[in-house]
Amino acid sequence: MLSKEDNQLLCQIGPGTPMGDVFRRYWNPVLLSEDLPGADSDPVRVRILGEDLVAFRNSDGAVGLLAEGCLHRGVSLALGRVEGNGIRCLYHGWKFAATGQLLETPNTPDVRIRERLKARAYPTREAGGLVWAYMGPAEHEPPMPAWSFMNVATANLKVVRLDSGSNYMQLVEGGADSSHVGILHTNFARPGWITGEFRANEEEDNPAALATNDMAPTLDIEDTEFGFHYAAVRALPDEGGQARKNIRIVPLVMPSTRIIPSPAMQFVVFEVPIDDHNTRTISVAHRTDGGHFETGKRYDEMRGRDNPALLDQKTFVYLGNWDNRFGQDRKAMAEDWSGIRGVVMEDLAMSMSPGPIVDRSAEHLVAADAAVVRARRQLLDSVRLLQAGQSPIGVKADLSRVAACDETTPAATPWKALAPGHHARVAR
Ligand code: FES
Ligand SMILES: [Fe+2]
């Protein structure tokens, strides 16, 4: 349970809010590289952390990210012309460089205005198929995070995005919540559920495939440099007289990223706040060994991303709401546990059903929610650290060996042995 005040503190991320200040201390992914496919391609409107921005790609390939409204009279630069080394407002031709520098002002002879004014501009980088932005104070810009997927060949990455209508924290909590996997995602996790027999889902690329029927995993949590990680340990029947267990380790990387494992894959999921009521989910999938995997129809089907009634196939805006009951087919529920097709569509229905900001003062948490509680705690702790003049948790953490895992081991194996790249956080 959270007080109403802490809930607000947690959820409000606009400019000048305490949590908004925390998010602005990290490099956050804001777009896919393919959203700006080539030099001088069409500019893209992006709303991130409650700010309306325009992204464009210069002739030299660099990505500019500026306040959307023109400095002159506020017209959207997203309608502008992308010209060589900048973007030109359509209305009176003011031209801005990616740095925000005002290059040309053809409707006024006063050239000093170009020295006086500068558009709000944020530094960007590109890596791992994503465009990253740093929106915080220049003097606190941290090094670019070195995620291990940035070393995987782009052809072996599957990078997708989706915008939906709930606060980022509802989605982060869904990702931190291991105990829903075997229940909400029953169709995938327990394919034999109708007849009451457990058959393990053998799809090694399915994040909702569980090796066991154990609905109440034990959770163990440890704070790390990057945030925290937890292990969900599920009991397994003995094999050849040997006791076994299944271990799923999920890293929660500050501020709002998780890595979900399947036996062969890593799914890195960023929940980037658009504003207090909307979130951009960016997901990067790759094989743990960096090899090629099938990214075609099956990937979208498993998640329900191929359903045009629930996901706009051009803008990737989620279309589920109470009017269409989040795509739930009640009649199908005799054979389809949730009545909602696809793992991601199931998750989004849960996240959006209480409204954009859930009242956390009315909840009743249980032991299975331990990771949810920790995710909130480290964000709120980061607000306090920042207000005390320190850096939020994990800003400079080495992410190069951070990984999730889903493995079946002998019962005696300590779970931390499976996460050798995660360093425990030492008390400050
Ligand atoms: S509003 Fe952009 S140049 Fe006038
Ligand atoms: Fe889920």
**OP:** Could you please find all residues in the range 371-410 being open to solvent by less than 50 Å² (accessible area, probe 1.4 Å) and part of a loop (DSSP other than H, G, I, E, B)?
**Re:** Ser391, Pro392, Ile393, Gly394, Val395, Ala397, Leu399, Ser400, Val402, Ala403, Ala404
Subject >> Residue within the range 80-103 that is away from ligand 2 (no atom under 16 Å from the Cβ), basic (Lys, Arg), surrounded by 16 or more Cβ atoms within 10 Å (Cβ to Cβ) and farther than 19 Å from Asp60 by Cα present >> reply: no
Original post:
If you go through the range 8-50 one residue at a time, how many are assigned to a helix (DSSP H, G or I), open to solvent by less than 20 Å² (accessible area, probe 1.4 Å) and either touching a strand residue (DSSP E or B) at 6+ places or on another chain (Cβ under 7 Å) or modelled with pLDDT under 95 (or both)?
Top reply: 1
**OP:** Collect the residues in the range 133-190 that are open to solvent by 20 Å² or more (accessible area, probe 1.4 Å), assigned to a loop (DSSP other than H, G, I, E, B) and within 16 Å of ligand 2 (Cβ to nearest atom), keeping them in residue-number order.
**Re:** Asp177, Arg190
**OP:** Quick one: in the range 294-313, of everything that is touching a helix residue (DSSP H, G or I) at 6+ places or on another chain (Cβ under 7 Å) and under 14 Å from Phe267 (Cα atoms), which residue is surrounded by the fewest Cβ atoms within 10 Å (Cβ to Cβ)?
**Re:** Met302
Subject >> Among (1) open to solvent by less than 10 Å² (accessible area, probe 1.4 Å); (2) β-branched (Val, Ile, Thr); (3) closer than 30 Å to Gln8 by Cα; (4) in contact (Cβ under 8 Å) with a residue 40 or more places away in the chain, the one test that Thr124 misses >> reply: (1)
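Which members of the range 207-232 meet the condition of being at pLDDT 90 or above and either part of a strand (DSSP E or B) or not assigned by TED's automatic domain parsing to the domain that holds Gln378 (or both)?
Asp220, Ile221, Glu222, Asp223, Thr224, Gly227, Phe228, His229, Tyr230, Ala231
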**OP:** Considering every residue within the range 196-208, establish whether at least one is away from ligand 2 (no atom under 16 Å from the Cβ) and touching a helix residue (DSSP H, G or I) at 6+ places or on another chain (Cβ under 7 Å).
**Re:** no
Original post:
Among the residues of the range 349-370, how many are closer than 18 Å to Leu310 by Cα, of a type in the set (Ser, Thr, Tyr) and either open to solvent by less than 40 Å² (accessible area, probe 1.4 Å) or in contact (Cβ under 8 Å) with a residue 40 or more places away in the chain (or both)?
Top reply: 1
Original post:
If you check Thr212, Thr195, which single one turns out to be open to solvent by 40 Å² or more (accessible area, probe 1.4 Å) and more than 30 Å from Tyr26 (Cβ to Cβ)?
Top reply: Thr195
Original post:
What number of residues within the range 250-273 are farther than 19 Å from Glu34 by Cβ and either assigned to a loop (DSSP other than H, G, I, E, B) or of a type in the set (A, V, I, L, M, F, W, C) (or both)?
Top reply: 12
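The values are calculated or read from the model by the stated rules, or taken from the named source; none is laboratory data. Model, not experiment: these values are computed from the prediction. Cβ atoms come from the backbone with ideal geometry, glycine included; neighbour counts cover every protein chain shown. Accessible surface is based on the protein model in full, side chains and every heavy atom, while ligands, DNA and RNA are left aside. Shrake-Rupley method; radii C 1.70, N 1.55, O 1.52, S 1.80 Å.
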